[in-house]
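Please read the structure below before turning to the comments.
The values are calculated or read from the model by the stated rules, or taken from the named source; none is laboratory data. Owing to the predicted nature of the structure, the values given are computational and were not obtained by experimental measurement. Reconstructed Cβ throughout: ideal geometry from the backbone, glycine too, with neighbour counts over all protein chains shown.
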Amino acid sequence: MENTASDKPTVTIAIPVLNEEKYIEDVLNSFLNSTYSNIIEILIADGGSIDKTVSLVTEFSKKDSRIKLIDNPEKYQSYALNKMIDKAEGEIFLRADSHCRYASDYVEQCVNCITKTNAVNVGGAQNYKAETLIQSGIALAVKNFFGNGGAKYMDENFEGYADTVFLGCFRTSDLKKVNGFSESNRTNEDAELNLRLRKELNGKIYVSPSINSWYYPRKSFVKLFTQYFRYGRGRYITNKKHDGDIPYRSKAPFVFLSFMVLYGILDLVLEQDMGFIYVSTAILVLVFFESIRFSYEKKEYLKDEVWASEKNKSPFILSVSLLCFLSLLTMNLAHFLGYGWQAIKSKFTKRNSW
């Protein structure tokens with residue numbers, strides 16, 4: 001006998017937004033047309049949008065009372081998510097992002113997974129969609145080891161336990177037990193929360209390839225740099241808050257590039273030639289050829305899964321290789337600078353906060 005809505009856990013969808021007029025309609029429609037029959041509310045926390053986001057959400061709410069708009073004057077996602085946790089009436093709290101596409105069974109697969117595994121948080125791999133050439137380069141860069149440090153949730157075929165997932169599906173009661181997201185984290189709030197869920201509730205985080213969503217990366221290197229600079233700052237805050245108990249990949253760009261900077265300074269000031277120029281050139285050449293190799297390895301994935309432009313054909317793989325290389329350099333340099341900036345700021349202000 002098929003389960004009715006009343007037999008299934010109630011679900012709250014939680015979406016922080018800021019100037020998302022391009023995506024918000026598709027996101028809301030995807031959840032309104034979900035195969036899961038017991039979504040009782042869709043909360044939208046707006047951080048002060050100046051485009052049409054609020055008016056679009058308001059129009060949707062007039063047609064479906066489950067859609068509720070919440071004001072988030074602090075703007076940042078951690079504040080938005082905590083406001084929605086406080087108001088959530090669903091047994092399950094499903095975090096969503098407005099920059100994503102979601103499979104029609106996304107909610108259903110999340111609920112099935114958290115029920116079967118008894119994990120404290122479940123999610124799928126972080127998959128990507130690209131509509132521009134730069135986005136396609138970024139989409140491949142983040143899938144490469146040099147771009148993600150071996151994070152399990154970046155592997156679209158991985159299934160099993162991990163330290164974090166993309167977005168997340170939680171029991172609302174668990175989130176309230178650990179007091180929600182850290183508001184001192186303006187970024188990296190998801191990984192920081194997962195760390196506390198594992199420590200305080202002795203919980204498990206589970207990644208399932210049956211949970212499918214697709215994220216749109218930044219459209220320019222300036223925006224990518226800003227994003228990863230902020231990521232670096234967030235990683236430092238999490239690292240200090242938990243006495244260094246974070247995955248090594250989260251601090252690897254800072255450790256490695258700090259070593260390279262020190263190496264370069266020593267090579268410059270010491271009389272003996274230490275070969276910095278040759279070593280640094282060799283590393284860049286290695287990353288460049290790895291970008292080419294990886295782009296060719298993933299060319300069918302790019303064509304079939306990532307490329308989403310209806311106007312243009314899938315881009316030439318050599319162009320994507322170059323953009324993948326530039327993306328890797330941008331991501332790691334920005335992360336290093338953000339991590340270093342936050343370390344210096346925290347030392348001088350004596351506060352581990354944004």
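Close contacts from the range 282-298, counting a first residue that is part of a helix (DSSP H, G or I) and modelled with pLDDT of 95 or more and a second that is aromatic (F, W, Y) and surrounded by 12 or more Cβ atoms within 10 Å (Cβ to Cβ), with Cβ to Cβ under 7 Å and a gap of 6+ residues or different chains, come to V287/F146; V287/F325; F288/F325; E290/F146; S291/F325. Annotation: of all residues in the range 307-345 being modelled with pLDDT under 95 and touching a Lys or Arg at 6+ places or on another chain (Cβ under 7 Å), the one that is nearest to R218 (Cα to Cα) is A308.
Being modelled with pLDDT of 95 or more and touching a Ser or Thr at 6+ places or on another chain (Cβ under 7 Å) holds for only one residue in C113, C169, and it is C113. Filtered by the rule that a residue be hydroxyl-bearing (S, T, Y) and over 17 Å from P9 (Cα atoms), the range 65-107 gives S65, Y76, S78, Y79, S98, Y102, S104.
Pairs are defined by a Cβ separation below 6 Å, a sequence spacing of at least 6 or placement on different chains, a first member in the range 24-52 that is of a type in the set (V, I, T), and a second member that is assigned to a helix (DSSP H, G or I); the pairs so defined are I24/T53; I24/L56; T35/E108; I42/F31; I44/V57. Within the range 209-239, the set of residues being in a helix (DSSP H, G or I), touching a residue at least 40 places away in the same chain (Cβ under 8 Å) and loosely packed, with under 15 Cβ neighbours inside 10 Å comprises T226 only.
Within the range 66-75, the presence of at least one residue that is assigned to a loop (DSSP other than H, G, I, E, B), out of contact with any Ser or Thr (no Cβ under 6 Å at 6 or more places or on another chain), modelled with pLDDT of 95 or more and of a type in the set (K, R) is confirmed. Please specify each residue of the range 266-307 satisfying the condition of being within 30 Å of the chain's Cα centre (by Cα), surrounded by 15 or more Cβ atoms within 10 Å (Cβ to Cβ) and of a type in the set (F, W, Y). Answer for the range 266-307, where residues must be within 30 Å of the chain's Cα centre (by Cα), surrounded by 15 or more Cβ atoms within 10 Å (Cβ to Cβ) and of a type in the set (F, W, Y): F288, F294, Y301, W307. Taking each residue of the range 309-327 that is surrounded by 13 or more Cβ atoms within 10 Å (Cβ to Cβ) and looking for partners that are of a type outside the set (V, I, T) and assigned to a loop (DSSP other than H, G, I, E, B) with beta-carbon atoms closer than 8 Å, six or more apart or interchain, yields S309/E131; C324/N144.
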